[in-house]
Amino acid sequence: MLIRILKSSFLKRPKPVLLVLLSIVMGSAVATAFLGISGELSHKMALELRSYGANIVLEPAAGEAGSLKSDDLPKIKTIFWKHNIVGFAPYLFGQVDFGSAAGRQRGVVAGTWFGRPLQVPGEPDSIQGVKVTAPWWELDGRWPETPDEAVIGAALAKRLKVAPGSDITAAAAGKSRTFHIVGVASTGGFEEEQLFAPLAEVQTLLNKPGQLSRVLVSALTVPMDDFGRKNPSRMTREEYEKWYCTAYVTSVAKGVEEVMGGSRAKPIWQIASAEGALLKKLESLMLLLTVLALFSAACAVSSSLMAAMAKRSPEIALMKTMGADRFQIAAIFLGETLVISLLGGLLGYLAGDRLAVVISRTVFDSTVTSPLWLFPTAIGAALVVALAGSAAPLKRALAVEPVRVLKG
Amino acid sequence: MAAAIIETSQLTRSYGDICALKPLDLCVPEGEWLTVMGHSGSGKSTLLNLLGGLDRPTGGSISVRGTDLATLSEDGLARFRRDCVGIIFQQHHLIPYLTALENVMMSQYFHSVPDEAEARHALERVGLGHRLKNRPGELSGGEQQRVCIARAIINSPRLLLGDEPTGNLDHKSTTMVMELLRDLRDEDRFSIVMVTHNQEVAAWGDRTIHMDDGCLVREERTKGC
Ligand SMILES: Nc1ncnc2c1ncn2[C@@H]1O[C@H](COP(=O)(O)OP(=O)(O)OP(=O)(O)O)[C@@H](O)[C@H]1O
Ligand SMILES: [Mg+2]
């Protein structure tokens, strides 16, 4: 009977029903679209933020056994979080005597990869090196391409009076090597005091074959939360697994550390925290917008239901006269609301999903695949909107006095 | 004499300063057909609404079938309405988007469970077996009022209340409705309290009370009882 009442009441009053349906669809669509692109937005933002530089640093572990070997580097692309590794760059630092047209001076040489193709079986080929981890370097000239080419920091270049095209000699422990300068790097940091040369050449020059002093890793991570800040060594098994399987900067660091024998990995907190805070703010903003959209939809539902209710008060009065109690009246109206909101949630989901695709194509120039949880979320949002919106009208319906309304 | 279905003592209903119903003692025996007459504004509808549990008295007591209505909660009154009384108004208050059959079944739904066969039978009893699927807009005034009667008796109430049920009907329809009510009462033995302005309609009842300005001023027997 309830179903019959509902069916007839929908079919006979299409206008108010459509109005309510529209509000619910809008609310649910906007919520779906926002939530749908918020994942994409966070991801894009995180990628964008990765250009601030590496957020994990690997150094030889303290003590005798501590070491960092260049042979282990490809393993970084095999860890659990390998897809989150945007890039990495190895470094070997050493004190050398520089010789140039301006004379001799002591300074630091850094052996590194500039943009080195990396092939790891089973993984897509990638380019690794400074180009990837430090895209903000301003280079006057170009990146080295052959083993005897090098990039010099701007400050060191000034001291040694060298420019792209000049040669510079680095000497250490009785060995010496001449590099052809192809670029001058301005970074605003300590890098400006160093000469950057191909890793293998510097390893030979310093007589440290296969050794590294540092690896900088740039990884996509999720913002730290209270759980992420817990000490992993004091976690239960399940907790540890959850922690390990969440892309916290600490758990990604842990994964890298595990494959690089003798190393110690640490998050670079000033980068990792700032990034986390920004992403969190972005998430809050999206959430706030979603809640606002839902709230305004609920208001719209409430006002159109209120109007419909005023028209229906004779009907309600009649039901009460027939002996309907508050529960039965509520059941009819909530039943209607429920049906409308389920339908609204479904349509809202479909519309929102489309909207998300359009937004992500126009704004981010990418395609989104909406996560599975979005559907129940859209339905849930519609329900919340409908229920919140029908509270006041329902209260009004229950307050109808048959005697006043049915008066002849 | 049969037991009383309605007993009121010093029953009063006032709206602020206006006293719509002055202290009234009324006793209606089980099975009686009582007619209430009086000028407009004399408190007839007020009394009827109190008897039907649609309104609460401001003073005195009212008991229907031994239940003191003053003690009932909001939902208790709703339960009382669905179990004990059937109400017919002057306007044929039907739900416009439901068919005649569905309108009757709705009353069943609030009472217990809808039973289509029973609802159809009720409409056949009021002579509308052929208009089951019509909506109120497609029925004449007399037919609509008969749907209301079918709806009012569907849950076998012991008390049928009518507030000028024939007020909008012509002579022929009025006679038809009154005959119908008489036949139904003869079969189901319920009591009737009916408000009317029509002397002819009053003649169908057992007893008539006359009201003026909220007071019972006169009462007469129309038939031997
Ligand atoms: N809700 C109300 N608020 C204030 N006064 C009311 C209210 N309902 C009824 N009254 C007053 O109570 C008195 C009795 O009203 P009631 O409706 O019982 O009259 P009635 O005998 O049914 O009249 P009619 O034959 O015109 O239907 C009237 O004076 C009316 O103005
Ligand atoms: Mg009246």
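The values are calculated or read from the model by the stated rules, or taken from the named source; none is laboratory data. These figures come from a predicted structure and were not determined experimentally. Ideal geometry is used to build each Cβ from the backbone, glycine not excepted, and the neighbour counts take in all protein chains shown.
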Considering the stretch B:162-187, residues that are among the polar types (S, T, N, Q) and away from every other protein chain (no Cβ under 14 Å), and then whichever is farthest from ligand 2 (Cβ to nearest atom), we arrive at B:Thr175
Going residue by residue through the stretch A:384-397, is there one that turns out to be within 16 Å of ligand 1 (Cβ to nearest atom) and within 14 Å of chain B (Cβ to nearest Cβ)? no
Exactly one of B:Gly53, B:Gly59 is more than 16 Å from ligand 2 (Cβ to nearest atom), more than 25 Å from B:Leu139 (Cα to Cα), within 14 Å of chain A (Cβ to nearest Cβ) and free of Cβ contacts under 8 Å to residues at least 60 places away in the same chain, and that one is B:Gly53
Out of (1) part of a loop (DSSP other than H, G, I, E, B); (2) in contact with a strand residue (DSSP E or B) (Cβ under 7 Å, 6 or more places away or on another chain), the one A:Trp136 does not meet is (2)
Among the residues that make up the stretch A:84-96, is at least one of them in contact (Cβ under 8 Å) with a residue 60 or more places away in the chain, closer than 30 Å to A:Leu279 by Cβ and either in a helix (DSSP H, G or I) or not assigned by TED's automatic domain parsing to the domain that holds A:Met260 (or both)?
yes
Of the conditions (1) within 13 Å of chain A (Cβ to nearest Cβ); (2) not in a helix (DSSP H, G or I), the single one that B:Val147 does not satisfy is (2)
Next on the checklist: Among the residues that make up the stretch A:14-35, is at least one of them within 14 Å of chain B (Cβ to nearest Cβ) and over 20 Å from A:Leu387 (Cβ atoms)?
Outcome noted: yes
Just one listed residue, out of A:Ala46, A:Ala89, is on the phi < 0 side of the Ramachandran plot, buried (at least 22 other Cβ atoms within 10 Å of the Cβ) and at pLDDT below 85, and it is A:Ala46
Some residue of the stretch A:386-403 being modelled with pLDDT under 85 and within 16 Å of ligand 2 (Cβ to nearest atom): yes
B:Arg65: passes all of (1) away from chain A (no Cβ under 14 Å); (2) more than 14 Å from ligand 2 (Cβ to nearest atom); (3) within 23 Å of B:Cys215 (Cα to Cα) but (3)
The number of residues in the stretch B:188-205 that are within 16 Å of ligand 2 (Cβ to nearest atom), more than 13 Å from every other protein chain (Cβ to nearest Cβ) and over 26 Å from B:Gly129 (Cβ atoms) is 3
Can you spot a residue in the stretch B:207-218 that is touching a strand residue (DSSP E or B) at 6+ places or on another chain (Cβ under 6 Å), within 14 Å of another protein chain (Cβ to nearest Cβ) and either within 16 Å of ligand 1 (Cβ to nearest atom) or touching a residue at least 40 places away in the same chain (Cβ under 8 Å) (or both)? no
Note: among A:Leu334, A:Leu305, A:Leu288, just one is in a helix (DSSP H, G or I) and within 39 Å of the chain's Cα centre (by Cα), namely A:Leu288
Residue hits (the stretch A:337-388; touching a residue at least 12 places away in the same chain (Cβ under 8 Å) and outside any helix (DSSP H, G or I)) are A:Ser366, A:Val368, A:Ser370, A:Pro371
Wholly inside the stretch B:1-111, helices (runs of 4 or more DSSP H) that include 3 or more residues that are away from ligand 1 (no atom under 16 Å from the Cβ) and within 30 Å of A:Ile3 (Cβ to Cβ) are B:74-84, B:100-111
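Residues are listed down the side, and each one gets a yes or a no for (1) within 22 Å of B:Leu51 (Cβ to Cβ); (2) within 15 Å of ligand 1 (Cβ to nearest atom):
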residue	(1), (2)
B:Asn134	no, no
B:Glu138	no, no
B:Val147	no, no
B:Leu159	yes, no
B:Gly162	yes, yes
B:Glu179	no, no
B:Ile192	yes, no
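Yes/no per residue for (1) in contact (Cβ under 8 Å) with a residue 40 or more places away in the chain; (2) farther than 16 Å from B:Cys215 by Cα; (3) away from ligand 2 (no atom under 16 Å from the Cβ):
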position: B:Leu26; (1), (2), (3): yes, no, yes
position: B:Glu30; (1), (2), (3): yes, yes, yes
position: B:Gly38; (1), (2), (3): yes, no, no
position: B:Leu47; (1), (2), (3): yes, no, no
Q.
Can you say whether A:Ala247 is in the same structural domain as A:Val130 (by TED's automatic domain parsing), assigned to a loop (DSSP other than H, G, I, E, B) and hydrophobic (A, V, I, L, M, F, W, C), as far as the supplied structure shows?
A. yes
